[in-house]
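Student: The structure follows.
The values are calculated or read from the model by the stated rules, or taken from the named source; none is laboratory data. Just so it is clear, the structure is predicted and the values come from calculations on it, not from any experiment. Backbone-built Cβ (ideal geometry, glycine too); neighbour counts: all protein chains shown.
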Amino acid sequence: MKNYMKLEIAAISENESFARSAVAAFALNLNPSLSELSDIKTAVSEAVTNCIVHAYKGKRSPENKIFIDCRAEAEQGEGVLHIDVTDFGCGIENLDEAMQPFFTTLSPNERAGMGFTIMQAFTNSFSARSVKGEGTTISMIKKIGAGGKEELNA
Amino acid sequence: MKILTTVQNGILHILLDGEIDEYSAATARHQTDRKIDECPPCDKAYIDLANVTFMDSTGIGFLIGRYKKLQRLGIKLYVVNPNPAADKILSLAGIYTLIPKA
């Protein structure tokens, strides 16, 4: 089974909940466990929040958009979900630095600097491409299947 | 995000209800801080996550912010009832070394 969906949303924080729920709803065809579903929602939420807060610096402009591209593949009970989150914002100057746990460019008081760390920990594969002044694409892969069986037996 | 607070035996109990993300965090911060400012003297505060259905790294920032505020007031903060998903994030971020689970 191969399936896909493309979503274009305004980069405003009201859409965070919609974006993660939409990807989770799309992933349901792969029969994820509750914990896999929650990992997907969290990873998408982090990626989308980064676009809004960092790429577009929280500016609410109708021109600021986020693309979410998902592909699902399932074979013999095992599923793979590809999630790409793209913005056309300021780009990340130093990706290695941005990936460091607790690194944040915003006021550290209320920012954990854990976004990329969580995306990495909650998916099976994670990569980022960014061009300064042009935007960023985060690509994540979540495998569906193995974890679900463990959970049922637990 | 709804926030309900009670004070009993010197413990401020803060029950959060809803999803913690970038969108809801500003209101949650504002409301929780107001409840902290209004509460009678306490030794401990519990942030109860039992009814938090979703939380991303914004929740970590939220907890650290409240931890710092309460620390200035001499109140020790604990996290109670995180669901497995919240627990996973809080463990990953090492939050429990700062804000123990009660």
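Student: Looking at the range A:56-78 only, could you name the residues that are modelled with pLDDT of 95 or more and of a type in the set (A, V, I, L, M, F, W, C)?
Tutor: In the first step, residues of the range A:56-78 are kept if they are modelled with pLDDT of 95 or more; the result is A:56, A:64-73.
Result: A:I66, A:F67, A:I68, A:C70, A:A72.
Student: Please work out if A:A55 is touching a residue at least 60 places away in the same chain (Cβ under 8 Å), more than 29 Å from A:G145 (Cβ to Cβ) and crowded, with 17+ Cβ neighbours inside 10 Å. Working first, answer last.
Tutor: Details: touching a residue at least 60 places away in the same chain (Cβ under 8 Å): yes; more than 29 Å from A:G145 (Cβ to Cβ): yes; crowded, with 17+ Cβ neighbours inside 10 Å: yes.
Spelling it out, A:A55 is indeed touching a residue at least 60 places away in the same chain (Cβ under 8 Å), more than 29 Å from A:G145 (Cβ to Cβ) and crowded, with 17+ Cβ neighbours inside 10 Å.
Student: Any residue at all in the range B:9-19 that is part of a strand (DSSP E or B), under 11 Å from the mean Cα position of the chain (by Cα) and within 14 Å of chain A (Cβ to nearest Cβ)?
Tutor: no
Student: Provide a single number: the residues in the range B:50-76 that are more than 14 Å from chain A (Cβ to nearest Cβ), assigned to a strand (DSSP E or B) and aliphatic (A, V, I, L, M).
Tutor: 1
Student: Could you list, in sequence order, all residues of the range B:55-84 that are among the small types (G, A, S) and surrounded by fewer than 22 Cβ atoms within 10 Å (Cβ to Cβ)? I'd like the intermediate steps shown before the answer.
Tutor: Residues of the range B:55-84 that are among the small types (G, A, S), as a first pass: B:57, B:59, B:61, B:65, B:74.
Result: B:G65, B:G74.
Student: In the range A:34-50, which residues are farther than 15 Å from A:M99 by Cα and more than 7 Å from chain B (Cβ to nearest Cβ)?
Tutor: If the condition is that a residue be farther than 15 Å from A:M99 by Cα and more than 7 Å from chain B (Cβ to nearest Cβ), then A:L34, A:E36, A:L37, A:D39, A:I40, A:V44, A:V48 are the ones that fit.
Student: Still on this model: Could we say that A:A22 is touching a residue at least 60 places away in the same chain (Cβ under 8 Å), surrounded by 15 or more Cβ atoms within 10 Å (Cβ to Cβ) and more than 11 Å from chain B (Cβ to nearest Cβ) here? Spell out how you get there, then give the answer.
Tutor: Values: touching a residue at least 60 places away in the same chain (Cβ under 8 Å): no; surrounded by 15 or more Cβ atoms within 10 Å (Cβ to Cβ): yes; more than 11 Å from chain B (Cβ to nearest Cβ): yes.
Against the criterion (touching a residue at least 60 places away in the same chain (Cβ under 8 Å), surrounded by 15 or more Cβ atoms within 10 Å (Cβ to Cβ) and more than 11 Å from chain B (Cβ to nearest Cβ)), A:A22 does not qualify.
Student: For the range B:7-21, indicate whether the set of residues that are within 28 Å of A:E46 (Cα to Cα), loosely packed, with under 15 Cβ neighbours inside 10 Å and of a type outside the set (D, E) is non-empty.
Tutor: Checked the range B:7-21: no residue is within 28 Å of A:E46 (Cα to Cα), loosely packed, with under 15 Cβ neighbours inside 10 Å and of a type outside the set (D, E).
Student: Can you name the number of the only condition in (1) touching a helix residue (DSSP H, G or I) at 6+ places or on another chain (Cβ under 8 Å); (2) within 14 Å of chain B (Cβ to nearest Cβ); (3) not hydrophobic (A, V, I, L, M, F, W, C) that A:Y56 fails?
Tutor: The one condition A:Y56 does not meet is (1).
Student: Kindly establish whether A:E14 is at negative phi, of a type in the set (D, E, K, R) and away from chain B (no Cβ under 14 Å).
Tutor: Details: at negative phi: yes; of a type in the set (D, E, K, R): yes; away from chain B (no Cβ under 14 Å): no.
Criteria not met by A:E14.
Student: Quick one: is A:N94 surrounded by fewer than 16 Cβ atoms within 10 Å (Cβ to Cβ), among the polar types (S, T, N, Q) and touching a strand residue (DSSP E or B) at 6+ places or on another chain (Cβ under 8 Å)? Spell out the reasoning first.
Tutor: Numbers: surrounded by fewer than 16 Cβ atoms within 10 Å (Cβ to Cβ): yes; among the polar types (S, T, N, Q): yes; touching a strand residue (DSSP E or B) at 6+ places or on another chain (Cβ under 8 Å): no.
No: the conditions fail for A:N94.
Student: How many residues does the range A:32-52 contain that are of a type in the set (D, E, K, R), in contact (Cβ under 8 Å) with a residue 40 or more places away in the chain and more than 22 Å from A:E75 (Cβ to Cβ)? Lay out the reasoning, then the answer.
Tutor: First pass over the range A:32-52, keeping only residues of a type in the set (D, E, K, R): A:36, A:39, A:41, A:46.
In the following step, the residues that additionally are in contact (Cβ under 8 Å) with a residue 40 or more places away in the chain were identified as A:36, A:39, A:46.
Pick out the ones that are also more than 22 Å from A:E75 (Cβ to Cβ) and you get A:46.
The number of residues fulfilling the criteria is 1.
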